[in-house]
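Let me begin by presenting the structure, written as structure tokens, before commenting on it.
Every read-out reported here was derived from the displayed coordinates using simple, explicitly stated rules and does not represent laboratory data. Note that the structure is predicted; figures quoted are calculated from it, not measured. Cβ sites come from the backbone with ideal geometry, for glycine too, and all protein chains shown count toward neighbours.
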Amino acid sequence: MIENVLIGQFIDASSIFHRLDPRSKLISLFCIIIAFLLIDNISGYILASLLVVGCITLSQIPLRFFLKGLKPILIILAFTVFYHILFTKGENLLFQYSILSIYKESIIEGFSIVLRIFLLVLITSLLTLTTKPLDLAHGFEILCKPLKRLRFPVEQFSLMLAITLRFIPTIVMELDKIIEAQKARGVNFEDKSFVKKVLSYIPIIIPLLFTSIQRAENLANAIDARAYGDGSGRTRYKVLHFENRDYQVIGISLLVVGVFFLLRMVGG
Amino acid sequence: MDIKLERASYIYPNSSINSYESLRNINISIEAGKWISVIGHTGSGKSTLMKLLKGLIAPTTGHLLINGRVNELSKKGKAQIISDIGLVFQYPEHQLFETTVLKDLVFGPKNQGIEMKEVNQRAKEMIKLVGLSEEYFQKAPLQLSGGEKRRVAIATVLMMNPEVLILDEPTAGLDPLGSKLILQLIHDWYKAGGGHRTVIFVTHEMNEVAEYSDEVLVMNNGEIAFLDSPLSLFLNHDYELKEFGLDTPDTVKLLQLIEQRFGDYIKVESLQEEVVLREVIAYFKKQGAEV
Ligand SMILES: Nc1ncnc2c1ncn2[C@@H]1O[C@H](COP(=O)(O)OP(=O)(O)OP(=O)(O)O)[C@@H](O)[C@H]1O
Ligand SMILES: [Mg+2]
């Protein structure tokens, strides 16, 4: 169970991505997402794939952690491909049978959308896998500070983000524990049809909420015990600062956007 | 019930980057009726081994055999829980999940398909057996004290009427009296089986090991370092145990002290407190001391 949840999962290693400032990672991710959205031809896809593969290699995180992040969206992706193949029209007809007609363009279109989503998910996973959730939220908070002028509740929002990121793995771990405890007392989660499997998880939900609340209470006590106030003017235990490598990475990301923009112009 | 592991190893699927083996090349055969103590430094793989024996997790390589038969699903890499083996988790918080003690107690037997009437009857007996009363039935398990939680955890497992009872550090964090009560409870359950019940007991308390076990399993870095009787282990391998960061029972310390001071090695048949004290008193009497 836990191994299928990627959001908020941080894998410790000492790659360049781990050492970067979360802010530069967020900015770079933003650039890369824009760059990938600009892709509209085959060379763009090849380049983007190479870039992603390169980044994954540099991250020192085994591929399986990235692939796990793709698993939950596989169904949606498969649906997208089929939808495109079956329902969009193109010029080169490949196959026709009564009302069903399949065009070369729609096959290409379907697969390129999927490839694009794949690449986007992988590069986003890179951020969450190499950044501690709290650092991420902290970086997010600083980057969004200008929005404060527009009365956007930046601090509350990033605290919410931090807590969510922090607690998803905890809750999933809790779920794992309860499943293990119930297995030990004779519940069978394995040999069941899909519907039965889903149903068999229902009795877990109450214990899950129950133990999570209990644990939240303990956490609240622990926070109080360490004299955590209302947060006004609190000092941070970790101060973020940019280093050369952060500027370099942002520079490279901007360059990537430029390259993909050119590719779109030339290729199109 | 005989339990056997053959060339078993285990790697946690979600462990961090360099997935290493939490257990390596485990070969062990546990006969029915034995009391086995399991010791080893923290992180040596004791808890993992216990989950493997219960069938909660399947060995990454190798097999689990129950009464000489390979646990079918363990071949497919899936865990198959063995309901005749009861496992008391290391942390009672991980074991108890229901909203009331009573619900937690009846959870297991209900899954075994036992009639509600009998289950309720059992719950009443069991809560007394572990030294609590029916007043506890409606309490929330996670709001009990540490010692109470452990008792309830043990009760939830005994409710399923296992042949083999695996306990992962059931006395950790309890005061001496609390530990003693729990040990007494487990020992009574063990004796009541007339030689058919097995106890596998993980502990850091060497006196508990010396007092109760037929055999001691020593884990070190995910491997079995020794499997021996307490007498032979603590007297012949005390040097290695020290290397593993493990202590020796008080009775062994006493025997060694006498050997150092008086140069006499007192021969004993077991390391149980009573036996060793009797021999020591006999020795001093022979030396002419008034005891
Ligand atoms: N759920 C898990 N996921 C990943 N690795 C784990 C998990 N549980 C244990 N490990 C690792 O497996 C190894 C053995 O752990 P185990 O809990 O079996 O040790 P132990 O002997 O019971 O220790 P202790 O005396 O502290 O209870 C440790 O290195 C631990 O980090
Ligand atoms: Mg343990």
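Label reach from residue B:273 (point 7 Å along Cα→C-beta): in the stretch B:169-196, amide nitrogens under 17 Å belong to B:171-172, B:174-188.
In plain terms, the residue of A:99, A:206 with the fewest other Cβ atoms within 10 Å comes first and the most crowded comes last, giving A:99, A:206. Here is the list for the stretch A:70-130: GluC sites (Glu not before Pro) lying in DSSP coil, each with at most 16 other C-beta atoms within 10 angstrom of its C-beta, are A:91. Across peptide B:87-99, the average count of Cβ atoms from other chains found within 10 Å of a residue's Cβ is 5.
In the stretch B:1-69, which chymotrypsin sites (Phe, Trp or Tyr not before Pro) fall in coil by DSSP and have 16 or fewer other Cβ atoms within 10 Å?
Taking the stretch B:1-69 and a limit of 16 other Cβ atoms within 10 Å, the loop chymotrypsin sites (Phe, Trp or Tyr not before Pro) found are B:20.
Treating cross-link reach as a plain straight distance, find the aspartates and glutamates whose alpha-carbon is under 14 Å from the alpha-carbon of residue A:71, omitting any fewer than eight places away in the same chain. Result set, ordered by chain and number: A:3. Taking amide H atoms as placed 1.01 Å from N in the peptide plane, the amide H of residue B:248 has no partner under 5 Å among residues 5 or more positions away or on other chains.
Sites listed here are trypsin sites (Lys or Arg not before Pro) in the stretch A:90-151 whose DSSP assignment is loop and whose Cβ has at most 13 other Cβ atoms within 10 Å: A:151. Among the listed pairs B:46/B:242; A:177/B:180; B:4/B:110; B:54/B:128, those whose Cα-Cα separation exceeds 20 Å are A:177/B:180; B:4/B:110; B:54/B:128.
Within straight-line reach of residue B:117, meaning a Cα separation under 14 Å, sit the following aspartates and glutamates at least 8 residues removed in sequence or on another chain: B:125.
In chain B the longest region clear of trypsin sites (Lys or Arg not before Pro) that are loop-assigned by DSSP and have at most 12 other C-beta atoms within 10 Å covers B:77-266. Taking a ≥ b ≥ c as the square roots of the Cα gyration tensor eigenvalues, chain B comes out oblate, since a/c reaches at least 1.5 and a/b does not exceed b/c. Counting Lys and Arg as +1 and Asp and Glu as -1 over every other residue whose Cβ lies under 13 Å from the Cβ of residue B:283, the net charge comes to +2.
In the stretch B:3-229, Cα pairs under 8 Å separated by at least six residues give a relative contact order of 29 percent. Excluding same-chain neighbours fewer than eight residues apart, the aspartates and glutamates reachable from residue B:124 by a Cα-Cα span under 19 Å are B:98, B:104, B:115, B:134, B:135, B:148, B:188.
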